[in-house]
Amino acid sequence: MTTTLPTPTRPLMPTPDAHQLAAAALSPRTRAAHVALLLVASAAGIGLLSLWLTEPSLPARTHAAFAVMTVMAASWVAYASWVLTRRHVLFARQRVVAGWMSVTFSACFVAGTLAVGATSGGRATLMAAALGAPMLLLAIVLLVRARRVHARLLERRRELATSAADTGR
């Protein structure tokens, strides 16, 4: 016995909106950007790690900086791999994760350069911190924007689920 599913009387989401949502989350441009991020972060991490391991006589502060930068590169590799291996729409969750990573790493950069500048009195490190501050501000703005988009998509998903439940699906 074959059971046929009832056809909905009205679409849950207008077709252009559904296509636009799917295209935005799964676009070739987005995938290419994440592949580029994966390649650049991998190359940077390998380069940092090889420099770090081949120079054992570096000062402790430099060892710490290499360790932190290697962890950052590995984090971006893990993030890009996570996004690229998903087979479903992420509902902008990947942008929120990237935003938090950017804020964390930018804040780490600014704090690190301020700490080095305070202990060594070097003007160059204080200049680096001053240049890092706009980078941190941009990361915060992008995180706030990503969280808003994510919240809107989750709200839309809840509306669609409620609408589907109301129509008896």
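The values are calculated or read from the model by the stated rules, or taken from the named source; none is laboratory data. This structure is a prediction, so every number in the text was calculated from the model and none was measured. As a convention, Cβ positions derive from the backbone with ideal geometry for all residues, glycine included, and neighbour counts pool all protein chains shown. Note: accessible area is taken over every heavy atom of the protein model, side chains too, but ligands, DNA and RNA are not part of it. Shrake-Rupley method; radii C 1.70, N 1.55, O 1.52, S 1.80 Å.
Each listed q (0.10, 0.18, 0.19 Å⁻¹) maps to a log10 I(q)/I(0) for the stretch 21-169 from the Debye sum over equal C-alpha point scatterers, namely -0.49, -1.14, -1.21. Here the spin labels are modelled as points 7 Å beyond Cα on the Cα-Cβ line, and at ALA33 and THR119 they lie 3.7 nm apart. Once the 1.4 Å probe is applied to the protein heavy atoms, the stretch 34-169 comes out at 63 Å² accessible per residue. Since only ALA129, LEU154, TRP52 are under comparison, the one whose Cα sits farthest along the positive direction of the charge dipole of the stretch 43-169, derived from C-beta charges on Lys, Arg, Asp and Glu, is LEU154. Protection proxy ranking of 101-113, 139-151, by the mean of other Cβ atoms within 10 Å over each peptide's residues and highest first, is 101-113, 139-151. Computed extension length for LEU160-SER75: 27.2 nm, one decimal, from 0.36 nm per residue of separation with the Cα-Cα distance subtracted. Residues of the stretch 98-112 with backbone nitrogen within less than 17 Å of a virtual label 7 Å along the Cα-to-Cβ line of ALA133, please, listed as ranges. Counting only backbone N, you get 106-112. Taking R0 as 30 Å, what's the FRET efficiency between ILE140 and THR62 from their Cβ-Cβ distance, rounded to 0.05? Computed FRET efficiency for ILE140 and THR62: 0.55. With each pseudo-label sitting 7 Å past Cα toward Cβ, what's the THR167-SER42 distance in nm, one decimal? Going from the THR167 label point to the SER42 one covers 4.3 nm.
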